[in-house]
Structures are given as C-alpha cells and as structure tokens.
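A.B. asks: Take a look at this one; I'll ask things after.
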Amino acid sequence: MPVLVNVSGGAARRLSGRLRDDVEAAFAVAGVPIALELLDGAAIPIRAAALAGAPVVVVGGGDGTLGGASGALAVGGSALGILPLGTRNHLAEQLDIPADLPGAARVIAGGITRRIDLGRVNGTAFVNNAVIGLYPQLVREREALSAPRWLATLPAAARALGRMRHHRLRIRRPGEGRTPVVTPMLFVGNGHYRLDAGVSAGRESLDDGKLSLYAVASRRRLALVGFALRALMGRADPDRDFAALGDLPAFVVEGRSRRIDVALDGEVMRLAMPLRFESLAGALAVVAPALREGSGA
C-alpha cells in the first residue's frame, strides 16, 4: 500500500528522526505491507496523481496536505487513507480517525470506506475550506517570520492589518443576479460550517453537497484586530465576526483584481479571478471508522 508522508507536517516534524520507523512499525503491527515515501509537502500532490488508481493511497500530513492530494485521488478512483500528522488535523478528527499512528493504521487496515464531498475552486480541490482576504494575508505574514507559530502570531497579525484592504466582490449564484459584498475576508466551507469553534470549526455533515458562504461582518480596523487574533488561534466568534450568505452547491466570486490569494485548507495559493466554486458531492472515498449511529458527520 503506498504511503506518502509530508515531512514538514506539524506532528511529523515532532517525530523527526523517528518518523520512518514509527510509521513502518504502526503498519507492521496492523498487518499492512507498505511502500513508504517521505516527501516535501509540494511533492505530495504530484505523487498522489501518479499513484491514483491504486485501491488506497495513504497520505500523512495536515488538512492542506490531504486537500492537495484529494483531487487527483478522487479522479483516479483511489480511496484516501489518512495519517493525521499535521498541526490541527480537522478532517481526521471529524472522521473519528485516531490521532496516534498505531490507531490510524488500524483504521486503514480495517478497510471501511465512506464517501465525502470535495470543494473545488477553479479546478483545485479542498477538503475543509477556502478563505479569501485577511486570513491568507495573516498566513503569509506568519510564514515569513522565522519563529514558532505561537510566537509569530502577534507580529503577523499586526503586519497583515497594516496592509489590510476591503475586497469589493460580487457573488453570482446559479440562475440569479449578482450580490455585492464588501468584506475584508470571505469564508467558503466544504459543507455547512457551524463556526462555533473558530474559522476551522466543525461541520454538521461531510456529504450534504453544499458550500457554506460567510463574510466577515466588521469593517472597523479596531474590531478586526481582535478578529485577526481569534482567527489565527482558531477561535473566531460567529455572532461577532461573520455574516452568513447561504449554503450553495455552486457560485462564482467576481472582483476587480485579476488574481487573488486564496487559502485552501490553510495553504495559500494565487488564483485567477473570477473564482468558480462548486461542491463535488460524494467525490472522495476515505478510509474511516464506520459512521456512528445518529451522527451527521
């Protein structure tokens, strides 16, 4: 079974020199022979595309790593096995995949699959969310500082707010006109997000075939200082910070810029405008524990 691990993922970095031995030992105990590749994050989507068509391709890393591999695996018909080796691992948590390597390997060995939705913008897939505006700028500023994340948060927020601008956007819905939106940040969730635990909050479902659309409500710079800090710590307040714009299967975001930064599952890339968003219902097979009775996830 092919196993691709992003060596720069948060948990993978902490394992350091033990990473290869620990991954191989976990699968050995689970009784699954593997072909392990330790790779830089940028190489994961390329290798996933090359391996697409295998029954299962295991990817180790955070949500950005999983999102980068998911599009090719969905097209190739491979199920995604998940090793939660990133910093927060929201998708693995919502799928009830154990956070430890032996537990995750046991789930993959069990071979139970279910289908979940993928979000897609301009042909690029994401598993959790896509964010336009202030948050991608916060991420870029934080990554530019040679300091641990927790130490870089305050200066990154200060720099991002100093360069912040409000985006004048138009939301075009299928069969409807254009809705103007002026906001420092637009949030698109793959599925309906509750937003009760932050920008990366949980979803009520992973297979509802909808994208949730939110805009940051405040335009006042002082109010946005608090929002920026809450966003970087994953503790945005929905009542204070967001205005819901609806749950849609597809829509288009138009604006004045020719290209714009978008954070896809926390990984920032520059995309051409307009941004064409769509939900790919049930597009991705994932190896996960059986769905709990009464759970909507």
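A.B. asks: Taking the stated definitions as given, is L80 among the aliphatic types (A, V, I, L, M), closer than 30 Å to H166 by Cα and in contact with a Ser or Thr (Cβ under 7 Å, 6 or more places away or on another chain)? Break it down into steps so the answer makes sense when it comes.
C.D. replies: Working: among the aliphatic types (A, V, I, L, M): yes; closer than 30 Å to H166 by Cα: no; in contact with a Ser or Thr (Cβ under 7 Å, 6 or more places away or on another chain): yes.
Considered against the rule, which asks whether it is among the aliphatic types (A, V, I, L, M), closer than 30 Å to H166 by Cα and in contact with a Ser or Thr (Cβ under 7 Å, 6 or more places away or on another chain), L80 comes out as no.
A.B. asks: Take the residues of the range 13-48 that are touching a Ser or Thr at 6+ places or on another chain (Cβ under 7 Å) and under 16 Å from A125 (Cβ atoms): which is most open to solvent (accessible area, probe 1.4 Å)? Break it down stepwise before answering.
C.D. replies: Step one: filter the range 13-48 for residues touching a Ser or Thr at 6+ places or on another chain (Cβ under 7 Å), giving 40-41, 44.
Subsequent filtering for residues that are under 16 Å from A125 (Cβ atoms) retains 41, 44.
On the way: G41: 28, I44: 1 Å².
Here the answer is G41.
A.B. asks: Considering L4, L51, which residue is open to solvent by less than 10 Å² (accessible area, probe 1.4 Å), farther than 18 Å from I116 by Cβ and touching a residue at least 24 places away in the same chain (Cβ under 8 Å)? Spell out the reasoning first.
C.D. replies: Values: L51 fails: open to solvent by less than 10 Å² (accessible area, probe 1.4 Å).
It is L4.
A.B. asks: OK, next. Looking at the range 91-113, I want the residues that are within 22 Å of L264 (Cα to Cα) and have a partner that is open to solvent by less than 30 Å² (accessible area, probe 1.4 Å) and of a type in the set (D, E, K, R) with Cβ atoms under 8 Å, at least 6 apart or on another chain. Which pairs are those?
C.D. replies: Close Cβ pairs (under 8 Å, with a partner that is open to solvent by less than 30 Å² (accessible area, probe 1.4 Å) and of a type in the set (D, E, K, R)) amount to L91/D63; Q94/R203.
A.B. asks: What strands (runs of 3 or more DSSP E), lying completely within the range 134-253, carry at least 1 residues that are of a type in the set (D, E) and modelled with pLDDT of 85 or more?
C.D. replies: Numbers: elements: 167-172, 178-183, 185-190, 211-216, 242-248.
By residue number, 242-248.
A.B. asks: What tally of residues in the range 262-289 results from selecting those that are open to solvent by 30 Å² or more (accessible area, probe 1.4 Å) and within 18 Å of the chain's Cα centre (by Cα)?
C.D. replies: 8
A.B. asks: Here's another thing I want to ask about it. Evaluate the range 47-55: report whether one residue or more is over 20 Å from G110 (Cα atoms), assigned to a helix (DSSP H, G or I) and of a type outside the set (A, V, I, L, M, F, W, C).
C.D. replies: First, pick out the residues of the range 47-55 that are over 20 Å from G110 (Cα atoms): 47-52.
Now narrow it down to the ones that are assigned to a helix (DSSP H, G or I): 47-51.
Now restrict to residues that are of a type outside the set (A, V, I, L, M, F, W, C): 47.
Yes, some residue in the range 47-55 is over 20 Å from G110 (Cα atoms), assigned to a helix (DSSP H, G or I) and of a type outside the set (A, V, I, L, M, F, W, C).
The values are calculated or read from the model by the stated rules, or taken from the named source; none is laboratory data. A quick note: this is a predicted structure, and the numbers were derived from the prediction, not measured. Note: ideal-geometry Cβ built from the backbone for every residue, glycine included; neighbour counts use all protein chains shown. When the accessible area is computed, the model is the full protein with side chains, heavy atoms only, and any ligands, DNA or RNA have been set aside. Shrake-Rupley method; radii C 1.70, N 1.55, O 1.52, S 1.80 Å.
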